[in-house]
Amino acid sequence: MKYDVLLFDADDTLFDFKKTMRLSLQESMEFLGLTFRPEYCTIYETLNNSLWKQLELGKLTKEELKKRRMAEFFEMIGVQADPVKMQEKYQQCLDNGGHLIPGAKETLDALSGQADCYLVTNGFAQTQRGRLKKAGIDGYFKALFISEEIGYQKPRKEFFDAVFSVLGGEARERTLIIGDSLTSDILGGNNAGIATCWYNPHHKENTQDVSVTMEIRSLSELPEKLFSERW
């Protein structure tokens, strides 16, 4: 197998973040005595994605993101409530939300013993570690590389320099990053000089100036591609 060092993204690659987000948002609002409406999910998701993009670009810190998102969310939906309490409860719910993408555990199991798997994520350390354990997949990873602990975000080259300071520079030619985000995972792989696998279940068009080595629609395709002679 050409690529035997695999860097997996977490949210929307292994974890069904949309499901976890929806359930966490509902539980947190009801905890504060607020009425939850399904349309709030779209509003919050758009806001949250925008803030995370700013974080990737270095225009926002994680503390600023946590401080702003619930305050701005409440303002957008016209609700008077304590954003700090909402953020605390929401984060607690996320920490316990180990909802996996279909096929995630089976894919990791198929690759176990065949490749060294690592997690590379921009998420919060406490949340990612909690969800990995909750989902029962923490044992598949040799190490976790989390931006909050490294000090840099994907797609920054510095993030991947920190990764390969542990893995060794010679591992780059045998490394494949798997992720759903063109601007974080795939661009990050390009910046690091490693092969990329775009997990693209919704058949999106590649509108970014990034190089994709391989593309998959489902996680179950990954072992087959990696074990084939082509790769």
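The values are calculated or read from the model by the stated rules, or taken from the named source; none is laboratory data. No experiment lies behind these values; they were computed from the predicted model shown. Ideal geometry is used to build each Cβ from the backbone, glycine not excepted, and the neighbour counts take in all protein chains shown. These area figures cover heavy atoms from the full protein model, side chains too; ligands, DNA and RNA do not enter into them. Shrake-Rupley method; radii C 1.70, N 1.55, O 1.52, S 1.80 Å.
Heavy-atom accessible surface of the range 27-149, averaged per residue, reaches 51 Å², computed with a 1.4 Å probe.
Close amide-amide hydrogen proximity is noted between PHE15 and ILE101, each under 5 Å apart and 5 or more residues distant or on a separate chain (H modeled in the peptide plane; Pro and chain starts excluded). Taking amide H positions as modeled 1.01 Å from N, with prolines and chain starts lacking one, the residues under 5 Å from PHE8 and 5 or more places away or on another chain are TYR118, LEU119, VAL120, ILE178. How would you classify the range 135-192 from its alpha-carbon gyration tensor, with a ≥ b ≥ c the square roots of the eigenvalues: rounded for a/c under 1.5, else prolate if a/b is greater than b/c, otherwise oblate? Because its axes are fairly even, with a/c under 1.5, the range 135-192 counts as rounded. For ALA195, the residues whose amide H sits under 5 Å from its own are THR175, ILE177, ignoring neighbours fewer than 5 places away on the same chain, with H placed 1.01 Å from N. Listed by chain and number, the lysines placed with their C-alpha closer than 16 angstrom to that of LYS105 are LYS133, LYS134, LYS142; residues fewer than eight positions away on the same chain are left out. Over the chain, Cα pairs under 8 Å with separation of 6+ residues give a relative contact order of 25 percent. Based on the Stokes-Einstein relation at 20 °C and a viscosity of 1.002 mPa s, and on the Kirkwood radius from alpha carbon pairs, the chain is assigned a translational diffusion coefficient of 117 µm²/s.
Taking θ as phi - 60° and the Karplus parameters 6.51, -1.76 and 1.60, the scalar couplings of the range 216-226 work out to 10, 9, 9, 5, 5, 6, 4, x, 4, 5, 5 Hz in sequence order, x denoting glycine and proline. Over the range 95-231, the pair-distance histogram of Cα-Cα distances with 5 Å bins from zero comes to 2, 10, 18, 23, 24, 17, 6, 1 percent, rounded to whole numbers.
When the P(r) is computed for the range 41-89, the part past 12 Å accounts for 61% of the Cα-Cα pairs. With both residues required to sit in the range 1-152, DSSP beta bridges show an antiparallel share near 10%. Assuming a ≥ b ≥ c are the square roots of the Cα gyration tensor eigenvalues, decide whether the range 115-155 counts as rounded (a/c under 1.5), prolate (otherwise, with a/b larger than b/c) or oblate. Oblate is the answer for the range 115-155, as a/c is 1.5 or above yet b/c matches or exceeds a/b. Against the compact-protein benchmark of 2.2 N^0.38 Å, the Cα-based radius of gyration of the range 73-131 scales to 1.62. Listed by chain and number, the lysines whose C-alpha is less than 16 Å from the C-alpha of LYS89, apart from same-chain residues fewer than 8 away, are LYS66, LYS67.
For the range 133-231, GluC sites (Glu not before Pro) are listed when DSSP marks them as loop and at most 13 other Cβ atoms sit within 10 Å of their Cβ; the list is GLU205, GLU229. Computed on the Cα atoms alone, the convex hull of the range 17-113 gives a volume of 121 cubic angstrom per residue.
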